[in-house]
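**Student:** Have a look at the structure that comes next, please.
What follows draws every value from the coordinates through simple rules; no lab data is involved. Predicted, not measured: the structure shown is a model, and the values here were computed from it. So basically every Cβ, Gly included, is an ideal-geometry build from the backbone, and we count neighbours across all protein chains shown.
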Amino acid sequence: MNYKKLLCLILAPMCLAGCSSKKAESSSSRPDGEKIVVTMMFTSLLPNFESLVETTYTDIDLQVEKNAVSTIDGEIERRLRNGHGTDIVTSSLATGDILNHLADLSAESFISSYQSGIMHKTSRDGKNMFIPLPAQYYGYIYNATLAKENGLEIPTTQEELVKMLEKAKAENIGIDENGYVFTVDGTPATTATFAFATKIPDFFGLSEGIKWLDGIKNGDTTFSGTLESCLDLPLELIDKGYLNPTPFTSVSNCAPVLEKMSSGQMLVAFDSVTMLSDIRKDSSYEFDMLPILSNEGNPAWTVSAPTAYLGINKTLTEKGNEAKMDACRKILTLLSSPEGQNAFMLDNGAGYSYLVDYTPTSDIVPDGIKDCIDEGYNYNISISNDFMRYFGARCNTVLCAQKEIADAFAEIDNYMNGGDEQVVTLIGTIDHDMMVENYNVRTQETEIGNLIADAVREINGTDIAVVNGGSIRGSLYKGDVYSYDLDYVCPYDNNIIVLEVNAEVIRSMLANSLSMMIQESNIPGGRFLNVSGLKYSFTPATDSTPAQLVDVTLADGSPLDENAVYTIAVTDYMAGKSGYEDNNGDGFTMLNIYSDSTPKPDNVKLVRETEYTIRGALAEYMIKHNDAAITSKLEGRITAVNENE
């Protein structure tokens with residue numbers, strides 16, 4: 001495998017087109033009455049598209065596994081490499097090693113349904129391996145009700161946007177408990193999109209920016225000395241106290257954009273039309289979207305990018321997989337029709353179809369950006385997933401004041417030019433696949449959860465160790481495990497600390513870990529604890545009742561000693577290192593030793609801080625036990641029980 005860094009950065013003005021496509025052919029059940037199961041992974045569930053597929057093709061059962069936006073690309077590629085790939089493959093950009101695992105779709109009739117420009121960008125050696133999903137528009141989502149009721153003028157320039165935020169903060173309009181009026185979720189992908197977008201009206205939309213982009217593609221220019229100003233606006237918003245810098249740190253939760261906007265606790269957010277749609281569903285306020293505004297009198301622009309790209313797993317071209325390959329073709333054919341696009345857009349809130357002949361059946365484009373769309377001021381941003389993650393992460397270090405902008409952009413240039421080669425180290429070997437799928441590490445005992453918790457406990461020499469499910473993001477596969485695998489499995493850099501706690505704290509901690517197993521987003525909360533040195537049982541959550549802790553014992557089944565003190569390994573994140581605002585610390589206030597804004601319990605004592613992250617502890621554990629293949633199994637550490645049991 002080539003670990004050299006690859007950059008594919010294309011920003012090109014796009015025109016919009018409307019129209020219709022071919023109708024998908026109907027399908028009949030297989031003679032034996034069995035359905036063909038087709039799997040795919042996506043960042044949200046797709047009930048309308050699933051229903052359309054299964055009613056159009058009655059012999060197909062489409063199963064969509066939901067995964068987090070921040071990890072879906074890496075996990076999909078790792079599954080493909082290890083023989084666990086889904087049948088329909090999703091990617092944020094049609095480049096990189098993932099192409100080696102995809103079937104050639106060039107001869108498929110549905111390829112001609114798409115605009116030639118977008119298909120040219122996704123082709124390799126003249127072959128088409130992906131089709132684009134409808135595009136997301138990005139811009140400034142704002143609370144139109146609060147703006148109207150409080151006489152806030154709708155900005156037409158970037159300077160006016162800042163003035164609107166200034167007035168809102170001064171008059172406590174759309175302001176959260178920490179005094180902020182503007183939010184960005186803080187994920188590297190969103191930060192990168194925000195940073196590039198701020199440069200479109202006054203740079204990328206001009207001849208100067210087009211020449212610079214050509215130079216980047218040809219390797220003739222750099223980010224340093226040119227693009228630092230893409231952070232001028234976010235840095236100004238942070239400096240003036242309008243934007244919270246905390247979500248940009250790598251050890252904190254992303255900002256809760258949906259919750260704060262829908263409740264009226266935030267006036268403006270940079271995000272997508274999908275987020276706007278979700279906010280509207282959960283709020284009594286009216287919302288609209290502003291385009292990307294100029295600071296120099298140039299026209300405003302919208303920003304768009306395909307929600308993702310879909311391909312077919314190459315293994316389905318092998319003998320014996322004909323029926324499933326045919327089912328995947330039918331699904332992509334249906335998706336490439338107006339009916340398929342409409343169903344997907346209804347599920348996802350995307351705003352623009354790349355079909356050659358498509359007429360929208362609903363008015364998805366927000367009023368505030370319609371003029372830009374109608375006049376052709378829309379930029380399509382296509383950025384390789386690796387570069388998106390790297391560029392956004394470097395920008396985040398500047399926004400949270402961890403690095404100077406010159407140093408961060410020097411790192412970006414070094415990355416682009418093939419620097420920062422990944423050092424690959426063999427860590428150890430495991431004897432079978434240990435899967436993270438369907439958020440199982442956030443709802444139940446898993447083999448990988450047990451392994452990681454055991455590693456944290458042994459390496460830190462404690463009685464007990466707990467690992468929150470949200471910190472486990474990728475599977476481990478049978479065979480050799482390398483350092484880059486652990487980067488996917490445990491990507492966060494929170495340090496492990498050792499505390500002394502009593503039985504009361506342990507029970508309170510476990511009760512909190514069960515409190516968000518069902519959320520409106522259908523994603524279980526990441527606070528669910530995987531354990532070592534303990535066993536616990538709980539009643540499952542329902543739509544009206546959270547999960548409830550039933551019983552806790554030590555690993556051998558003996559009860560907790562009410563008079564004993566136990567050593568426990570947790571992350572400093574859980575102990576309030578990032579505070580507890582905006583769901584940071586996952587609500588583990590009973591472990592707080594760091595946050596001065598939250599009460600510190602008397603029955604918790606810091607024993608020591610360590611240099612270990614969860615990833616580091618797992619690596620050392622595997623190296624320590626590398627004399628044989630490492631195993632892990634289910635042991636009844638975590639049990640769901642009925643209320644009557």
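**Student:** Among DSSP beta bridges whose residues both lie in the chain, state the antiparallel percentage, nearest 5. If you can, show how the numbers build up before the last one.
**Tutor:** Details: 59 of 81 bridges.
Bridges in the chain that DSSP calls antiparallel: roughly 75 percent.
**Student:** Can you list the residues, at least 5 places off or on another chain, whose amide H is less than 5 Å from the amide H of residue 378, using H built in the peptide plane?
**Tutor:** 14, 302
**Student:** Here's something else I'd like to know. In deg cm²/dmol and to the nearest 500, what is the mean residue ellipticity at 222 nm of the chain if only DSSP H runs of at least 4 residues count, each as -39500 (n - 2.57), divided by the residue total?
**Tutor:** Result for the chain, helices only: -8500 deg cm²/dmol.
**Student:** Name the residues of region 182-197 whose amide N is less than 17 Å from a point 7 angstrom out from the Cα of residue 232 along the C-beta direction?
**Tutor:** Under 17 Å, as judged by backbone N against the label point of residue 232, lie 194-197 of region 182-197.
**Student:** Highest first, please rank the peptides 185-196, 292-303 by the mean number of other Cβ atoms sitting within 10 Å of their residues. Intermediate values should be presented prior to the final figure.
**Tutor:** Values: 185-196: 23.1, 292-303: 20.1.
By packing density, highest mean first, the sequence is 185-196, 292-303.
**Student:** Using the Kirkwood formula over every pair of different C-alpha atoms, what hydrodynamic radius in Å results for region 165-275?
**Tutor:** Over region 165-275, the inverse of the mean reciprocal pair distance is 15.4 Å.
**Student:** Please state, as a whole number in µm²/s, the translational diffusion coefficient that the Stokes-Einstein equation yields for region 34-185 at 20 °C and 1.002 mPa s, with Rh defined as the Kirkwood radius across alpha carbon pairs. The partial results should precede the final answer.
**Tutor:** Working: Rh = 19.5 Å.
It diffuses with D of about 110 µm²/s by this estimate.
**Student:** With θ taken as phi - 60° and the coefficients 6.51, -1.76 and 1.60, list the Karplus ³J(HN,Hα) couplings across region 135-149 in order, rounded to whole Hz; mark glycine and proline as x.
**Tutor:** 8, 9, 8, 10, x, 9, 7, 9, 7, 5, 5, 5, 4, 5, 5
**Student:** Also: If amide H atoms are built 1.01 Å from N in the plane of the peptide, which residues on other chains or at least 5 residues away come under 5 Å of the amide H of residue 124?
**Tutor:** 129
**Student:** Arrange the peptides 594-603, 471-480, 319-328 so that the one whose residues have, on average, the most other Cβ atoms within 10 Å appears first.
**Tutor:** The packing order, highest mean first, is 471-480, 319-328, 594-603.
**Student:** Over the Cα atoms of region 571-645, each weighted equally, I'd like the Debye log10 I(q)/I(0) at q = 0.13 Å⁻¹, rounded to two decimals.
**Tutor:** After summing over all Cα pairs, the log10 values are -0.67.
**Student:** Taking 0.36 nm per residue of separation and subtracting the Cα-Cα distance, what length does fully extending residue 483 through residue 424 add?
**Tutor:** Extra length from residue 483 to residue 424 when fully extended: 20.7 nm.
**Student:** Between region 285-342 and region 541-611, how many Å separate their Cα centres?
**Tutor:** With region 285-342 and region 541-611 each reduced to a Cα centre, they are spaced 42 Å.
**Student:** Mean separation of Cα pairs under 8 Å and 6+ residues apart, divided by the residue count of region 494-616: what relative contact order is that in percent?
**Tutor:** In percent, rounded to a whole number, it is 36.
**Student:** I've got another one for you. How far apart, in nanometres, would the label points at residue 210 and residue 323 be if each is projected 7 angstrom from Cα along the Cα-to-Cβ direction?
**Tutor:** With each label point 7 Å from Cα toward Cβ, the separation is 5.4 nm.
**Student:** Can you give the FRET efficiency for residue 35 and residue 125, using 1/(1 + (r/R0)^6), R0 = 25 Å, r = Cβ-Cβ distance, to the nearest 0.05?
**Tutor:** So the FRET efficiency works out to roughly 0.10.
**Student:** For residue 535, what is the net charge nearby, where nearby means another residue's Cβ is under 12 Å from its Cβ and Lys, Arg count +1, Asp, Glu -1?
**Tutor:** -3
**Student:** Around residue 455, under 13 Å between beta carbons, what's the net of Lys plus Arg minus Asp minus Glu among the other residues?
**Tutor:** Details: positive: 457, 615, 624; negative: 447, 454, 458, 620.
Every neighbour counted, the sum reads -1.
**Student:** Further question on the same structure: What does the charge add up to near residue 244, with Lys and Arg as +1, Asp and Glu as -1, over the other residues with Cβ less than 13 Å from its Cβ?
**Tutor:** Result for the local shell: -3.
**Student:** Continuing with the same structure: How do the peptides 484-490, 330-336 rank, highest first, by the average count of neighbouring beta carbon atoms within 10 Å per residue?
**Tutor:** The peptides rank, most packed first, as 330-336, 484-490.
**Student:** Bins of 10 Å, beginning at zero and ending with the bin holding the largest distance: percent of Cα pairs per bin for region 87-152, please.
**Tutor:** Calculated over all Cα pairs of region 87-152, the distribution is 17, 39, 15, 10, 13, 5 percent.
**Student:** At q = 0.11 Å⁻¹, what is the log10 ratio I(q)/I(0) for region 426-640, with the Debye formula run over Cα points and no solvent?
**Tutor:** Treating every Cα as an identical point scatterer, log10 I(q)/I(0) equals -0.49.
**Student:** OK, next. With viscosity set to 1.306 mPa s and temperature to 10 °C, compute the Stokes-Einstein D of the chain, Rh being the Kirkwood radius across alpha carbon pairs; µm²/s, no decimals. Could you put the intermediate results ahead of the total?
**Tutor:** Values: Rh = 26.2 Å.
Value of D from the Cα-based Kirkwood radius: 61 µm²/s.
**Student:** Also, I was wondering about something else. For region 554-645, what is the relative contact order in percent, using Cα pairs closer than 8 Å and at least 6 residues apart in sequence?
**Tutor:** Working: 67 pairs, mean separation 14.3, N = 92.
Over region 554-645, the number comes to 16 percent.
**Student:** Okay, moving on. Using only Cα atoms, locate the centre of region 441-501 and the centre of region 243-258, then give the distance between them in Å, rounded to an integer.
**Tutor:** After rounding, the separation between the Cα centres reads 23 Å.
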